[in-house]
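Just below is one structure, and these are the notes that go with it.
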Amino acid sequence: MRGKVGDVHVAYLAREIDAAIGIESIGVYIMPELGLYPNSIAAALTLLSSVRDISEIREFFRKVPPLYLGSAKSPAQRKKRSLKRQ
């Protein structure tokens, strides 16, 4: 499920839908069982402690859609920039 950006929004959404974990694309993990505050290290360790076989991790990440981390400009931004040069 996707929601608004920001730690607070992710925490409230995780609590609202009774999610096991809320994740921001910048690497913030919120696990309601640990508290509704960002604690990426504790969340990562908690998740890793439940893994019994490394193939489970590989299979999980095959299903996760890739995150967009690019900085490409939209066509509208490129057009605006080219107009400024003229």
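Residues that are modelled with pLDDT of 80 or more, in a loop (DSSP other than H, G, I, E, B) and either closer than 22 Å to MET1 by Cα or in contact with a Pro (Cβ under 6 Å, 6 or more places away or on another chain) (or both) within the stretch 39-78 comprise just one, VAL64.
Just to be sure I understand, how many residues within the stretch 12-38 are surrounded by 13 or more Cβ atoms within 10 Å (Cβ to Cβ), part of a helix (DSSP H, G or I) and of a type outside the set (A, V, I, L, M, F, W, C)? Quick ask: steps written out before the conclusion?
Narrowing the stretch 12-38 to residues surrounded by 13 or more Cβ atoms within 10 Å (Cβ to Cβ): 12-15, 19, 21-24, 28-32, 34, 36, 38.
After this cut, where a residue has to be part of a helix (DSSP H, G or I) as well, the list is 12-15, 32, 34.
Subsequent filtering for residues that are of a type outside the set (A, V, I, L, M, F, W, C) retains 12, 15, 32.
Within the stretch 12-38, residues that are surrounded by 13 or more Cβ atoms within 10 Å (Cβ to Cβ), part of a helix (DSSP H, G or I) and of a type outside the set (A, V, I, L, M, F, W, C) number 3.
The values are calculated or read from the model by the stated rules, or taken from the named source; none is laboratory data. Here the structure is a predicted model, which means the values were calculated and not measured. Neighbour counts run over all protein chains shown; Cβ positions are idealised from the backbone, glycine included.
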